[in-house]
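The values are calculated or read from the model by the stated rules, or taken from the named source; none is laboratory data. Owing to the predicted nature of the structure, the values given are computational and were not obtained by experimental measurement. Virtual Cβ from ideal backbone geometry, glycine too; neighbours counted across all protein chains shown.
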Amino acid sequence: MKKSKSDELKDVVLESGIKVKSVYGPDDVKDLDPDQEIGQPGEYPFTRGIHPFMYRKRPWTMRQYSGFGTARETNQRFKWLLEQGQTALNVAFDLPTQLGLDSDDPFAEEEVGRVGMAIDTLKDLEDAFAGIPIDRISTSLTINPVASVMLAMYLALAEQQGIPWDQVRGTTQNDILKEYIGRGTWIFPVKPSIRLIGDMVEFCSRNVPKFNPFSVCGYHIRESGATPVQEMAYAFEIAITYIEEVLSRGIAIDDFAGRIAFNFDIHGNLWEQVAKFRAGRKLWAKIIKERFGAGSPRSMVLRMIAGGGGGGLTIQQPENNIVRGAYYALISALSGTQTMALCSFDEAYTIPSKRAALLSLRTMQILADEMGLTDTVDPLGGSYYIEWLTKEMERKITECMEDVEKMGGMIEAVESGYIQREVSRQAYIRTKRIESGEIVKVGVNKYVMEDEKTDIEFHPFNQKVAEEQKKRLDEVKRQRDGENVKKALAGLEKAARTGENVMPPILEAVKCYATLGEITKVFKEVFGEFKEPIGL
Amino acid sequence: MKKDGPARGKKIRVVIAKPGLDGHDTGAKVVVHALKEAGMEVIYTGLHRTIDEIVTTAVEEDVNVIGLSIYSGSHLPLSRKLMEQVKAKGLTDKLVLVGGNIPYRDIDELKSYGVSEVFPVGSKLGEIVQFIQDKVEL
C-alpha cells in the first residue's frame with residue numbers, strides 16, 4: 001500500500017505531551033455533548049467564558065507591574081500610569097520587603113529598593129499612595145509570606161483617607177504554596193503560612209468584602225519550568241488547599257469562593273494556551289460545584305489575570321519581545337481573561353522601563369479598540385481542533401491533579417519537595433529541548449544574529465535611595481511611641497500562639513508604626529522558618 | 001568520609017549556591033541537573049544563603065567548584081564578598097563560577113575579583129560542563 005501523504009509529515013507534540021494531527025473534523029468531537037461540555041458563556045460549566053457577554057459589555061482590565069526604589073518614586077509612576085488610562089495598579093516590592101526584612105537589616109544590604117519599592121512601615125505606604133484616593137482604584141499587592149502585614153497597612157491607609165473598608169478593592173498575591181515551588185519568597189513553614197492565609201480570608205469575608213485576599217498563581221509555576229498542564233493542575237491543587245483551610249473555619253463555600261482569583265501564564269503554543277484556559281474554566285467549575293457543593297454560579301467561575309510570561313521573552317534581539325507581547329495579549333483575549341498584564345519587552349532582564357510599560361498598555365488598547373477582539377464571545381469556540389484540544393487538556397490536567405492527590409495533597413507534595421522536583425526536571429527537559437532546537441526560540445536557536453551583543457540593563461541600583469530609606473525608617477522609629485509598639489507586638493505574639501485571628505493585632509501594630517521586620521520577627525519566633533527540601 | 005570508593009573514578013565535586021534574597025532558582029537547578037548528568041557530584045544549597053554559609057559548605061563538602069547563581073542584579077557585591085572570603089580562607093584552588101542575569105559589561109569586573117568564568121543567561125549547558133571538566137584537575 002502506498003504511504004499516505006500525512007505519514008510523511010513531521011510529528012507535532014505540544015509541551016503538554018499532546019500529539020497534534022494535521023487536520024481535525026467532526027469525528028474528533030463527535031463524543032462531545034455540546035450542552036454538557038461546552039455550554040453557553042456565563043453558564044455552567046463556563047467553558048466559553050464566565051460572563052454571557054464578556055468583552056462586548058466591558059473589555060478586560062489593563063494592569064501593569066510597577067514599583068521602584070522608594071515609595072515617593074513609585075507614587076510618581078502610579079500617577080503617570082493612571083493618567084495614561086490604566087485602570088488598576090500592580091505594586092512591586094523590593095526583596096527585603098517581600099521577605100519581611102527592614103531596610104536596615106544586614107541581610108537586606110544591596111537589595112533595598114532594587115526590584116521594587118521598600119516598605120518598612122505604614123509611613124512608606126502613605127507616601128506611595130499620596131494623592132491617590134484608593135476607593136477609585138483596584139490595587140494588586142505582589143507580596144506573599146507577609147501579605148497579612150501589607151493588607152493591614154493598606155486598610156490603615158484607607159482609614160486615614162476616610163474610606164470605609166467595604167469600599168476597598170484589590171488583591172494581595174498571597175499564594176505561599178507557589179512560592180515554595182517557584183518564586184522563592186517564603187519565610188515560615190507550610191502549615192502556619194496557610195493558617196495566615198485562612199486568617200486573612202476570614203477577616204476579609206467579614207470586613208473587606210471587595211478585597212481578594214489571595215490570587216492563586218499558576219504563572220510562577222509555569223515560569224519555573226512546568227508544562228501548561230502542570231501549571232493548571234498545581235494551581236488548582238493549591239486553591240483546593242486554601243479552600244479546605246477556609247472551610248475548616250466554618251465559612252461556607254459560597255461565602256468566599258466568588259472572590260478567588262487566579263494568575264496564569266501565557267507563552268508557547270497559541271492553541272495549547274487557549275485550550276488550557278477553556279479546559280481550566282470547565283474543570284474549576286466542576287471542582288467547586290461537585291467537590292465542594294457550591295450552589296452559586298458566582299462561586300464556580302474561574303476569574304483570572306493572564307498575561308504574557310517573562311519566560312517566553314528573550315534577551316537576544318529584544319525588539320522581538322514587543323511582537324511576542326502583542327501575540328500573548330491576543331492569546332489572552334482569545335482565552336477570555338478578566339485582567340491582562342503584559343510583560344514589557346525589557347522584562348526578560350529587568351522591571352519595566354516607562355517606555356516599555358506604556359507600549360504594553362498601548363498593545364492591549366489596540367487589541368481592544370482596533371482589532372475586533374471585543375466583538376463576540378469565545379470566537380474560537382466550535383473549532384474542531386480547539387474543542388478537541390480543550391477536552392485533551394482537561395483529561396491531562398485531571399491526571400496531573402490525581403498524581404498530587406496520590407501524594408497526599410499539595411501540603412505533603414510541597415513539604416516533601418515532590419512538586420519542586422517535578423518542576424525542575426521539566427525545566428531541565430525544556431532547556432535541553434531549546435538547546436537541541438526541538439523547541440524553537442527565534443533569535444536564540446533559529447535566525448540567530450551572530451554578531452549580536454545586546455546587553456541587559458538593570459533599573460539602576462541607587463545606594464543613596466537605600467540610605468534615604470534607612471534614614472526614614474530611623475526617623476519613624478524615633479517619632480513613634482515605643483511602649484505602644486511593644487504592647488502591640490506582645491498582643492500579636494499571643495494571637496499567633498493561641499490561634500486567634502492575627503489580623504486585628506497586626507492592624508494595631510502597623511497603626512502605631514511597628515515595622516514589617518518587627519512583625520515578621522514575632523511570627524518567626526512563634527512559627528519557625530521553612531526548611532527547603534533541596535534534593536533534586 | 002566523602003571520598004569515592006577505589007573502584008570508581010574520582011568525581012568532580014561542585015556546590016551550586018543561591019546567595020542573598022533572590023528567589024529565581026530555576027537556572028541553578030537546571031545547572032545542577034546538567035552537572036549531575038555529566039557525572040559530577042553536586043551539592044545544591046537552596047535559597048537565601050549568606051556568603052559565609054556558602055563558603056562553609058564549600059569547605060565541609062570539599063568541593064572543586066563553587067557556582068553562584070544570581071538574578072537580582074547584586075552579582076557584583078555578592079561575588080566580591082565571596083572572593084574576599086575565598087582568599088581569606090586560602091581556597092584559591094577552587095574554581096569559582098558565576099551565572100544568572102549578568103550583563104556582559106560586568107564580566108571583566110567579576111573576573112578581576114578572581115572569578116574564573118561567568119555564564120550569563122543563555123549560556124549553553126554543554127559549555128559549563130566542558131569548562132569545568134577542562135579546568136578541574138582531580
For the range A:222-239, state whether one or more residues are within 30 Å of A:LEU489 (Cβ to Cβ) and surrounded by 20 or more Cβ atoms within 10 Å (Cβ to Cβ).
no
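Restricting to the range A:183-235, what's the tally of residues that are in a loop (DSSP other than H, G, I, E, B) and small (Gly, Ala, Ser)? Reasoning before the result, please.
Of all residues in the range A:183-235, those in a loop (DSSP other than H, G, I, E, B) come to A:184-189, A:208-210, A:213-214, A:224-227.
Next, only the ones that are small (Gly, Ala, Ser) stay: A:184, A:224-226.
Selection size over the range A:183-235: 4.
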Just checking, does the range A:370-381 include any residue being of a type in the set (Asp, Glu), surrounded by fewer than 23 Cβ atoms within 10 Å (Cβ to Cβ) and in a loop (DSSP other than H, G, I, E, B)?
yes
Kindly indicate whether A:PHE203 is within 14 Å of another protein chain (Cβ to nearest Cβ), surrounded by fewer than 24 Cβ atoms within 10 Å (Cβ to Cβ) and touching a helix residue (DSSP H, G or I) at 6+ places or on another chain (Cβ under 9 Å).
no
Filtered residue count, the range A:104-119, keeping only those that are closer than 11 Å to A:PHE93 by Cα, assigned to a loop (DSSP other than H, G, I, E, B) and more than 10 Å from chain B (Cβ to nearest Cβ):
5
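Which members of the range B:43-65 meet the condition of being at the interface with another protein chain (Cβ under 8 Å from one of its Cβ atoms) and farther than 17 Å from B:ALA88 by Cα? Please lay out each step first, then the result.
Step one: of the range B:43-65, the residues at the interface with another protein chain (Cβ under 8 Å from one of its Cβ atoms) are B:44-48, B:50.
Scanning the range B:43-65 gives B:TYR44, B:THR45, B:GLY46, B:LEU47, B:HIS48.
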Pairs needed: first member in the range A:435-451, farther than 15 Å from A:LEU313 by Cα and touching a residue at least 24 places away in the same chain (Cβ under 8 Å); second member anywhere, assigned to a loop (DSSP other than H, G, I, E, B) and β-branched (Val, Ile, Thr); C-beta distance under 6 Å; at least 6 residues apart or different chains.
none
Of everything in the range A:250-280 that's part of a strand (DSSP E or B) and not aromatic (Phe, Trp, Tyr), which residue is farthest from the chain's Cα centre (by Cα)?
A:ILE266
A careful count of residues in the range A:335-380 that are more than 23 Å from A:SER215 (Cβ to Cβ), hydroxyl-bearing (Ser, Thr, Tyr) and at pLDDT 95 or above gives 2
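When the residues of the range A:285-316 are filtered to those that are assigned to a helix (DSSP H, G or I) and in contact (Cβ under 8 Å) with a residue 60 or more places away in the chain, which remaining residue is surrounded by the most Cβ atoms within 10 Å (Cβ to Cβ)? So that I can check it myself, show each step before the final result.
From the range A:285-316, those assigned to a helix (DSSP H, G or I) are A:285-291, A:297-300, A:310-312; that's our starting set.
Then drop every residue that is not in contact (Cβ under 8 Å) with a residue 60 or more places away in the chain, which leaves A:285-286, A:289, A:297, A:300, A:310-311.
Details: A:ALA285: 23, A:LYS286: 16, A:LYS289: 19, A:PRO297: 17, A:MET300: 25, A:GLY310: 17, A:GLY311: 21.
Taking the candidates together, the pick is A:MET300.
Only residues that are free of Cβ contacts under 8 Å to residues at least 60 places away in the same chain and either of a type in the set (Lys, Arg) or over 15 Å from A:ILE305 (Cα atoms) (or both): list them for the range A:208-238, please.
First pass over the range A:208-238, keeping only residues free of Cβ contacts under 8 Å to residues at least 60 places away in the same chain: A:208-210, A:212, A:216-218, A:220, A:231, A:235.
A:VAL208, A:PRO209, A:LYS210, listed by residue number.
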From the list A:SER383, A:SER424, exactly one residue is at pLDDT 95 or above, within 14 Å of chain B (Cβ to nearest Cβ) and over 18 Å from the mean Cα position of the chain (by Cα). Which is it?
A:SER424
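Look through A:ALA509, A:ALA495 and report the one residue that is part of a helix (DSSP H, G or I), under 27 Å from A:PHE107 (Cβ atoms) and touching a Pro at 6+ places or on another chain (Cβ under 6 Å). Working first, answer last.
On the way: A:ALA509 fails: touching a Pro at 6+ places or on another chain (Cβ under 6 Å).
Result: A:ALA495 is the single residue among A:ALA509, A:ALA495 that is part of a helix (DSSP H, G or I), under 27 Å from A:PHE107 (Cβ atoms) and touching a Pro at 6+ places or on another chain (Cβ under 6 Å).
Out of the range B:96-127, which residues are more than 11 Å from every other protein chain (Cβ to nearest Cβ), under 12 Å from the mean Cα position of the chain (by Cα) and either closer than 11 Å to B:LEU68 by Cβ or crowded, with 21+ Cβ neighbours inside 10 Å (or both)? If you could, list the steps in order and put the result at the bottom.
If we filter the range B:96-127 for residues that are more than 11 Å from every other protein chain (Cβ to nearest Cβ), which is where we start, we get B:96-99, B:108-119.
When the remaining residues are screened for being under 12 Å from the mean Cα position of the chain (by Cα), the result is B:96-99, B:115-119.
Matches in the range B:96-127: B:VAL96, B:LEU97, B:VAL98, B:GLY99, B:VAL115, B:VAL118, B:PHE119.
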Considering only the range A:160-183, how many residues are touching a helix residue (DSSP H, G or I) at 6+ places or on another chain (Cβ under 9 Å) and free of Cβ contacts under 8 Å to residues at least 12 places away in the same chain?
1
Positions within the range A:430-475 being facing chain B (nearest Cβ under 9 Å) and either under 21 Å from B:VAL129 (Cβ atoms) or in contact with a Gly (Cβ under 9 Å, 6 or more places away or on another chain) (or both), in sequence order:
A:ARG430, A:THR431, A:LYS432, A:GLU435, A:VAL444, A:PHE458, A:HIS459, A:PHE461
